[in-house]
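Novice: Quick one: the structure is below, and I'll ask about it shortly.
The values are calculated or read from the model by the stated rules, or taken from the named source; none is laboratory data. Fair warning: this is a prediction, and the values are worked out from it, not measured in the lab. In this analysis, Cβ positions are derived from the backbone assuming ideal geometry, glycine residues included, and neighbour counts consider all displayed protein chains.
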Amino acid sequence: MSALLSIEGLGIGFGGIRAVNDVSFSVRPGEILSVIGPNGAGKTTLFNMISGVYRPDTGRVVLDGEDVTAIEPHLLARRGLSRTFQNLQIFQSMTVLDNAVAGYHLRESGSVLADLFSLPASRRRAREAREGARALLARVGLDRAAEREAGNLSYGALKRLEIARALALNPKVLLLDEPAAGCNAVETEEIDQLIAEVARSGVAILLVEHDMKMVMRISNHIVVLDHGEKIAEGDPATVSQNPAVIAAYLGSEEAAHADG
Amino acid sequence: MKISAKSATLLVLVVLVALSPLLFPSNFYYRVGALIFVNAIAVTGIVILTGYAGQVSLGHAGFAGIGAYACALAPVHWGIHPGLALFLGAGISGVLAYLVGRPILRLHGYYLGVATLGFGILVAMILTNERGLTRGPDGIDVPDLGLRALLGELGLSLSNGQFWYFFTGLCMILGAWIALNLHDSPTGRALRALHGSEVAARTVGIDVAQLKLRAFVISAVYASISGSLLALQNRFVTPDVAGFMHSIEMVTMAVLGGVGSVLGAIFGAAILTLLPQVLTVFAEYEHMVLGLVMILVMIFLREGLLPSILKKLRGKDE
């Protein structure tokens with residue numbers, strides 16, 4: 001099958017420093033592609049360019065055959081790209097259910113006048129979104145926390161809630177920025193299974209993750225970044241044997257020792 | 001049966017409006033009540049803008065001024081019925097809010113506060129200086145709404161105070177109903193979402209700038225209707241209605257009572273409207289007290305009086 005999301009020669013610099021330089025790869029439906037690399041390799045910067053937060057200096061992002069480079073995040077959402085964040089972005093003071101329902105925004109929003117006067121059309125849209133959101137919460141194991149204020153949830157639960165909200169958009173492509181960061185082994189396992197299940201439903205998944213065991217376990221394809229450059233790519237077995245990759249990781253550890 | 005927060009709020013408001021007159025020591029309190037309701041309408045608009053959407057306006061009195069002077073001027077100059085002039089004023093306010101808000105709400109941060117501050121001052125200046133049209137700082141008469149006479153013909157005779165008390169009370173309840181509808185609707189949820197995290201709101205497809213603009217326009221219409229009702233009730237209006245202090249009053253009332261809650265904000269409006277009427281000393285120090293209230297609420301009761309009290313009560317239950 002052809003690529004759903006293609007990254008073509010993407011690059012960006014901040015004040016003379018090339019944070020990401022000429023990175024290309026593509027993701028097919030149902031595929032889990034992981035981007036790995038030492039801290040500061042440019043993974044999150046790359047994500048922010050793909051999801052419209054940063055405007056790249058060079059290259060293009062093609063989503064389902066359409067050039068979507070640097071278009072605003074809410075328009076990307078409309079075209080089927082959804083994401084989660086490394087530093088959780090949850091609507092803290094809203095209930096868990098409302099957080100998930102917010103993911104249905106594009107499908108549930110209609111006339112403001114209908115909303116102001118609580119017309120049947122508005123209530124029906126809200127009810128459908130609520131039903132969908134409840135089903136999604138059940139899928140990520142949060143159905144029993146639906147009425148709680150999101151800010152009171154554990155970190156791992158919030159991670160799952162963020163994924164549920166992203167799934168509510170019914171995306172073609174899902175960007176996950178460190179979905180297992182800060183989670184314990186059990187929580188990581190749960191997120192693992194969830195991601196694999198979402199991929200099986202035909203969503204293209206782009207993953208940034210520090211947990212190497214998780215990356216090796218669930219990825220179909222791995223792209224390795226170092227100093228903003230793509231230094232290797234391939235299936236997990238190939239990448240883990242690649243000398244450049246080993247050097248990059250060892251190098252960064254040596255540097256860390258030297259700093260310490 | 002569990003009663004929804006929306007029904008509970010409306011029930012409380014209906015009961016308060018209907019039963020408070022039983023406790024009134026004199027007819028003067030009908031007038032105080034009507035003033036509370038008129039302020040409560042403007043403050044409900046602030047709840048939508050600030051409480052739901054997290055945006056701050058320091059010039060909402062400008063819209064109140066437009067609403068008030070629409071009722072004073074449109075009947076005289078264009079022969080429009082004062083009741084329709086209220087809607088005309090609301091329409092003008094909505095369009096102006098759109099024009100002012102559109103370029104600004106694309107930007108982040110405090111730009112809206114500064115721009116609305118300028119807008120409010122501008123409106124107050126025009127109303128003060130365009131003597132040919134507005135008769136300047138001395139104020140201008142406002143025609144009779146005529147609704148009380150109509151009710152009288154239908155056999156429901158109310159004193160002027162009673163009429164305005166119940167009429168503005170009804171308008172306030174209607175305004176609260178609309179604001180509560182919005183809260184639980186898709187648009188309201190999106191507003192609360194962008195208040196929580198704009199970044200996340202964008203990724204679920206929310207057009208942040210457009211939604212903020214909608215909240216701003218809706219709240220401007222609330223302020224305008226509040227101004228119109230004040231003018232129609234007093235049968236007289238001065239440019240003070242659009243003054244900076246009036247804008248600050250609206251924000252303070254909302255913040256004091258609880259800007260995230262319609263009932264809380266109305267409670268705040270009631271307290272700050274009642275105080276200067278009951279304590280004449282208060283009137284002299286009003287500006288100082290407003291400032292002090294803001295500071296104390298921000299330090300001790302971030303969420304506002306009513307939500308903080310309710311939280312305390314619930315905490316004891318558990």
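Novice: Test of understanding: among A:Ser82, A:Ser6, which residue is touching a helix residue (DSSP H, G or I) at 6+ places or on another chain (Cβ under 9 Å) and either modelled with pLDDT under 95 or surrounded by 24 or more Cβ atoms within 10 Å (Cβ to Cβ) (or both)?
Specialist: From the options A:Ser82, A:Ser6, the qualifying one is A:Ser82.
Novice: Going residue by residue through the range A:109-120, is there one that turns out to be β-branched (Val, Ile, Thr) and either touching a residue at least 40 places away in the same chain (Cβ under 8 Å) or more than 9 Å from chain B (Cβ to nearest Cβ) (or both)?
Specialist: no
Novice: May I pose another question? With the checklist (1) part of a loop (DSSP other than H, G, I, E, B); (2) modelled with pLDDT of 90 or more; (3) buried (at least 21 other Cβ atoms within 10 Å of the Cβ) in hand, flag the one item A:Leu207 doesn't pass.
Specialist: For A:Leu207, the failing item is (1).
Novice: Can you tell me which of (1) closer than 24 Å to A:Ser82 by Cβ; (2) more than 8 Å from chain B (Cβ to nearest Cβ) is the one A:Arg125 doesn't meet?
Specialist: (2)
Novice: Tell me the residue from A:Ala77, A:Ala70, A:Ala100 that is of a type outside the set (S, T, N, Q) and without any contact (Cβ under 8 Å) to a residue 24 or more places away in the chain, please.
Specialist: Exactly one residue qualifies, and that residue is A:Ala70.
Novice: Also: Checking A:Leu46 against (1) under 21 Å from the mean Cα position of the chain (by Cα); (2) within 10 Å of chain B (Cβ to nearest Cβ); (3) modelled with pLDDT of 90 or more, which single condition isn't satisfied?
Specialist: The number of the failed condition is (2).
Novice: Ok, one more. Could you grab me the full set of residues in the range B:117-142 that are over 22 Å from the mean Cα position of the chain (by Cα), closer than 13 Å to B:Val237 by Cβ and part of a loop (DSSP other than H, G, I, E, B)?
Specialist: Within the range B:117-142, just B:Arg135 meets the criteria.
Novice: Being among the hydrophobic types (A, V, I, L, M, F, W, C), assigned to a helix (DSSP H, G or I) and more than 19 Å from B:Thr252 (Cα to Cα) is the filter here; which residues of the range B:11-33 pass it?
Specialist: B:Leu11, B:Val12, B:Leu13, B:Val14, B:Val15, B:Leu16, B:Val17, B:Ala18, B:Leu19, B:Leu22, B:Leu23, B:Phe28, listed by residue number.
Novice: Any residue in the range B:114-137 that is under 18 Å from B:His246 (Cα atoms) sitting within a Cβ distance under 6 Å of a residue that is of a type in the set (A, V, I, L, M)? List the pairs, counting only those 6 or more apart or interchain.
Specialist: So the pair list comes out as B:Ala115/B:Ile104; B:Thr116/B:Leu58; B:Leu117/B:Leu58; B:Phe119/B:Val100; B:Gly120/B:Ala61; B:Val123/B:Ala242; B:Ala124/B:Ala242; B:Leu127/B:Ala242.
Novice: Return the residues of the range B:189-208 that are within 23 Å of the chain's Cα centre (by Cα) and more than 7 Å from chain A (Cβ to nearest Cβ); say none if nothing qualifies.
Specialist: B:Leu191, B:Leu194, B:His195
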